[in-house]
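J.: Below is the structure I would like to discuss, written out as structure tokens.
The values are calculated or read from the model by the stated rules, or taken from the named source; none is laboratory data. Because the structure is a prediction, the values reported are computed rather than measured. So basically every Cβ, Gly included, is an ideal-geometry build from the backbone, and we count neighbours across all protein chains shown. These area figures cover heavy atoms from the full protein model, side chains too; ligands, DNA and RNA do not enter into them. Shrake-Rupley method; radii C 1.70, N 1.55, O 1.52, S 1.80 Å.
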Amino acid sequence: MNSEKLRVVILGSTGSIGVNTLDVIDRHRDRFDVFALTASTSVEAMAVQCGKYKPVYAVMASEAHGRQLHALCESSGLRTQVLWGAQALTMVAGHEQADTVMAAIVGAAGLAPCLAAARAGKRLLLANKEALVVGGQLFMDAVAAGGATLLPIDSEHSAIFQSLPQNPQDWAARVDKIILTASGGPFRTRDPRTLQDVTPEEACAHPNWVMGRKISVDSATMMNKALEVIEARFLFGMAPEKIEVVIHPQSVIHSMVQYVDHSVVAQLGTPDMRGPIAYGLSWPHRVSSGASALDFSSMASLTFETVDTDAHRQRFPGLALAWAVLNAPQGTPAVLNAANEVAVAAFLARRIRYDQIHQVNSETLDAVAFENPASLDDLLNLDQRSRRAAEEAVVRFAS
């Protein structure tokens, strides 16, 4: 392996972020090598990736899927070492031979390997917002202690990072607020009274972005934006009241920073995740991403809507939970994240209605005792207690 190349670990390589990361790497094979790939259950897709990129390690979530992948790799004559389980995941994330870790595992399952990468001082490209939502200050402390470089990959947070002053020490004095843009999803203009009839297929049909089912539902409810508010609080050290959300249906302006002189710096681009991925991989430089260039002559208009209308509050009741949990004890965002994962899974399985996702989240926040987790074990225990409480709420709604 060429020591001059950056050796990349992709956590969640068969998902949309992982596939887009590999697409960017394909354009710059002289700069990047794939050191390790991980996936949950997509054995065949992982086997294809192993055949193409020949990583040193490939990790599956379970032993059964790991053994399937091992058999496929062995029959193809690949030397990739196939592992499985949570311990293997954290091992490759913090491996001494890895330089860069793309964290694209959906949900709280990504927290432990993200912490491992942070503690090992890696360049950590954070596409898993839940790891920071759940980990909070504990996660940021691990980044500081390990000397890791944390780069956001969410299009909104990447936009904010690109729009802020280069020196983080200047942020507090020079920045008035940060403004997260939201597309509004597929139900931005839908009559709120009809939301109880929404199907999983409708909720997953995002007008601008191609994403996985869970994050597509979060975009429809705008819970993804609530999680992004929480993430921004920790990433940029901003007080909750300095974080604002505005609906921007065209998804051209990915987010903005308003300075104390009321000038606004925005980052624009086509809605293509390869843009922020390429920026994270190459930072502080820039490389081609494969994303299309903006054609300003074809833009009829860029429009914006406040989220503080009665109709939008009814369409997106979960958004306000972001500020509520940020002003509650430290572990509260982890409770919200766990509840939402359970609720969305139940909706996708057609166990509860779309409008009941918010009800499950609210009831779980009321049911779980608040606490300040001091360790990863504390966070994982809180996560499990929250999931049990959320499942109890789902059962009540489903009966």
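J.: Give me the pairs, please: first residue somewhere in region 106-131 and assigned to a strand (DSSP E or B), second residue anywhere and among the β-branched types (V, I, T), beta-carbon distance under 7 Å, and either six or more positions apart or on two chains.
T.: Qualifying pairs under 7 Å: R123/T100; R123/T149; L124/V101; L124/T149; L125/T100; L125/V101; L125/I153; L126/I153.
J.: Are there any pairs with C-beta distances below 6 angstrom linking a residue in region 276-301 that is within 13 Å of N20 (Cα to Cα) to a residue that is surrounded by fewer than 17 Cβ atoms within 10 Å (Cβ to Cβ) and among the hydroxyl-bearing types (S, T, Y), with the two at least 6 apart or on different chains, and if so which?
T.: A291/T270
J.: Also, I was wondering about something else. If you go through region 1-31, how many residues are touching a residue at least 24 places away in the same chain (Cβ under 8 Å), of a type outside the set (V, I, T) and either over 18 Å from A117 (Cβ atoms) or touching a Lys or Arg at 6+ places or on another chain (Cβ under 6 Å) (or both)? Let's see the steps before the verdict.
T.: Here is the first cut: in region 1-31, the residues touching a residue at least 24 places away in the same chain (Cβ under 8 Å) are 1-2, 5-18, 20-25, 27-28, 30-31.
With the extra rule that they be of a type outside the set (V, I, T), the set shrinks to 1-2, 5-7, 11-13, 15-16, 18, 20, 22-23, 27-28, 30-31.
Still in the running and either over 18 Å from A117 (Cβ atoms) or touching a Lys or Arg at 6+ places or on another chain (Cβ under 6 Å) (or both): 1-2, 5, 16, 20, 22-23, 27-28, 30-31.
The qualifying residues number 11.
J.: Could I ask something else about it? Looking only at region 286-304, count every residue that is of a type outside the set (S, T, N, Q), out of contact with any Lys or Arg (no Cβ under 7 Å at 6 or more places or on another chain) and either in a helix (DSSP H, G or I) or crowded, with 16+ Cβ neighbours inside 10 Å (or both) and tell me the total.
T.: Number of matching residues: 1.
J.: Can you tell me which condition H262 does not meet? The list is (1) open to solvent by less than 30 Å² (accessible area, probe 1.4 Å); (2) farther than 14 Å from E156 by Cα, and all the others hold.
T.: Here H262 meets the rest and fails (1).
Here is a yes/no grid of residues against (1) out of contact with any strand residue (DSSP E or B) (no Cβ under 8 Å at 6 or more places or on another chain); (2) surrounded by 24 or more Cβ atoms within 10 Å (Cβ to Cβ); (3) aliphatic (A, V, I, L, M); (4) modelled with pLDDT of 95 or more:
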site	(1), (2), (3), (4)
R190	yes, no, no, yes
A205	yes, no, yes, no
N208	yes, no, no, no
R213	yes, no, no, no
M222	no, yes, yes, yes
G237	yes, no, no, no
E244	no, no, no, yes
H248	no, no, no, yes
S255	no, yes, no, yes
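J.: Suppose we filter A71, A64, A47, A58 for residues that are open to solvent by less than 10 Å² (accessible area, probe 1.4 Å), outside any loop (DSSP other than H, G, I, E, B), at pLDDT 95 or above and not acidic (D, E); which single one remains? Steps first, answer last, please.
T.: Values: A71 fails: open to solvent by less than 10 Å² (accessible area, probe 1.4 Å); A64 fails: open to solvent by less than 10 Å² (accessible area, probe 1.4 Å); A47 fails: open to solvent by less than 10 Å² (accessible area, probe 1.4 Å).
Result: A58 is the single residue among A71, A64, A47, A58 that is open to solvent by less than 10 Å² (accessible area, probe 1.4 Å), outside any loop (DSSP other than H, G, I, E, B), at pLDDT 95 or above and not acidic (D, E).
Okay, residues lined up against (1) at pLDDT below 95; (2) over 28 Å from S386 (Cβ atoms); (3) open to solvent by 10 Å² or more (accessible area, probe 1.4 Å):
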| residue | (1), (2), (3) |
| --- | --- |
| Q87 | no, no, yes |
| M91 | no, no, yes |
| Q97 | no, yes, yes |
| A103 | no, no, no |
| V106 | yes, no, yes |
| A116 | no, no, yes |
| R119 | no, no, yes |
| R123 | no, yes, yes |
